[in-house]
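The values are calculated or read from the model by the stated rules, or taken from the named source; none is laboratory data. Please read these numbers as outputs of a predicted model, since none were measured by experiment. Positions of Cβ are backbone-derived with ideal geometry, glycine not excepted, and every protein chain shown enters the neighbour counts.
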Amino acid sequence: MPPILSVENLEKTYDGGFQALKSVSLEIQKGEVFALLGPNGAGKTTLISTICGLVRPTSGAITVGGHDALKDFRSARRMIGLVPQEMPTAPFEIVGDTVAFSRGLFGLKPKPDLIEKILKDLTLWEKRKNPIMALSGGMKRRLLVAKALAHEPEVLFLDEPTAGVDVELRHDMWRIVGELKDKGVTIILTTHYIEEAEEMADRVGVINKGEIILVEDKKELMQKLGRKVLTLSLNAAIQTLPPTLEKYDLTLSEDGGSLTYTYDTQRERTGITALLTDLSDAGVHFHDLQTDQSSLEDIFVDLVKNGE
């Protein structure tokens with residue numbers, strides 16, 4: 001099955017000479033949730049804006065649902081919903097009207113039942129007759145989502161959807177994303193909240209300095225690049241490591257009461273059995289041990305650091 005979204009060798013250089021995107025290629029499959037991670041200024045918003053037609057690329061190709069986004073902009077854009085980071089200025093518009101109007105912008109017939117459902121799902125129904133200026137910051141963010149869903153897009157872009165919002169809205173967003181995915185909607189989100197990617201994404205892409213440095217299935221990424229840490233709580237504190245243990249690159253806590261051993265989960269042998277034997281032979285005994293798996297955030301930080 002061909003991808004619903006394809007980006008090939010996409011580049012964007014602004015008039016001042018700054019190259020925001022460098023030969024970006026990416027394929028997104030229908031129905032998947034793709035998380036695009038990257039530090040500030042990495043090119044996340046530029047990439048989304050270019051795909052959505054808000055920024056014209058310097059070179060490259062974009063295809064959405066088989067439509068060339070540059071040559072057949074209207075057909076491609078009809079398939080896309082965009083939740084931007086900021087609310088366009090329209091303080092006096094009425095909440096319900098602006099959501100319905102968003103549907104009309106795509107030449108679609110009114111669908112009051114759909115608009116009602118969207119507003120209720122986003123806890124905006126009671127605010128439907130209020131002007132936008134009367135909404136709180138969190139409610140305005142909900143309104144952006146409602147406007148993006150009004151024309152029933154097949155591909156939904158969420159650009160930092162929960163930045164600066166309360167926990168309730170963040171959980172609502174996760175729920176809505178799950179429901180949309182169940183309906184076959186493809187979702188691409190950028191986020192600074194690594195837990196959002198861990199919670200929702202099927203695949204993860206990392207962009208840094210305008211280049212895609214990694215695209216990987218989330219589970220495979222965490223298995224491939226994830227580290228495990230074994231922490232041993234000692235029966236008695238020690239001042240220094242015995243020479244026979246130096247080969248394990250152990251970390252001794254400041255109080256001398258615990259040892260930390262980091263190992264690669266993909267290695268054929270972790271070295272733990274040999275470590276425990278050598279600990280016993282060296283007279284170092286422990287009363288408790290625990291393991292921790294590195295998080296997606298740890299992996300992301302390491303990738304960006306290594307790409308600098």
**Prompt:** Any residue at all in region 131-149 that is farther than 28 Å from Ala20 by Cβ, part of a loop (DSSP other than H, G, I, E, B) and not hydroxyl-bearing (Ser, Thr, Tyr)?
**Reply:** yes
**Prompt:** Restricting the search to region 167-201, which residues are part of a loop (DSSP other than H, G, I, E, B), touching a residue at least 60 places away in the same chain (Cβ under 8 Å) and farther than 22 Å from Pro39 by Cβ?
**Reply:** Gly184, Val185
**Prompt:** Is one or more of the residues making up region 78-86 surrounded by 14 or more Cβ atoms within 10 Å (Cβ to Cβ), in a loop (DSSP other than H, G, I, E, B) and over 23 Å from the mean Cα position of the chain (by Cα)?
**Reply:** no
**Fill in**
Residues of region 60-73 being in contact with a strand residue (DSSP E or B) (Cβ under 9 Å, 6 or more places away or on another chain) and in contact (Cβ under 8 Å) with a residue 12 or more places away in the chain, in sequence order, are Gly60, Ala61, Ile62, Thr63, Val64, Gly65, Ala69, Leu70, Phe73
**Prompt:** Considering Leu275, Leu279, which residue is within 17 Å of Asp292 (Cβ to Cβ), among the aliphatic types (A, V, I, L, M) and surrounded by 11 or more Cβ atoms within 10 Å (Cβ to Cβ)?
**Reply:** Leu275
**Asked** If you take the residues in region 42-59 that are small (Gly, Ala, Ser) and touching a residue at least 40 places away in the same chain (Cβ under 8 Å), which one is surrounded by the fewest Cβ atoms within 10 Å (Cβ to Cβ)?
**Response** Ser59
**Prompt:** Any idea which residue in region 9-26 is surrounded by the most Cβ atoms within 10 Å (Cβ to Cβ), counting only those that are in a strand (DSSP E or B) and of a type outside the set (A, V, I, L, M)?
**Reply:** Lys12
**Message:** So for region 284-295 (the condition being under 30 Å from Glu211 (Cβ atoms) and either at pLDDT 70 or above or surrounded by fewer than 15 Cβ atoms within 10 Å (Cβ to Cβ) (or both)), does at least one residue qualify?
**Reply:** yes
**Fill in**
Within region 98-118, residues within 16 Å of Ala148 (Cβ to Cβ) and free of Cβ contacts under 8 Å to residues at least 24 places away in the same chain come out as Phe101, Gly104, Lys111, Lys117
**Asked** Between residues in region 139-158 that are within 20 Å of Gly107 (Cα to Cα) and residues that are among the small types (Gly, Ala, Ser) and part of a helix (DSSP H, G or I), which pairs lie under 6 Å by C-beta distance while being six or more apart or on different chains?
**Response** Lys147/Ser102; Ala150/Ser102
**Item:** Test for Leu108: is it assigned to a loop (DSSP other than H, G, I, E, B) and either closer than 18 Å to Ile28 by Cβ or among the acidic types (Asp, Glu) (or both)
**Value:** no
**Asked** Which one of these is of a type outside the set (A, V, I, L, M, F, W, C) and touching a Ser or Thr at 6+ places or on another chain (Cβ under 7 Å): Lys117, Lys44?
**Response** Lys44
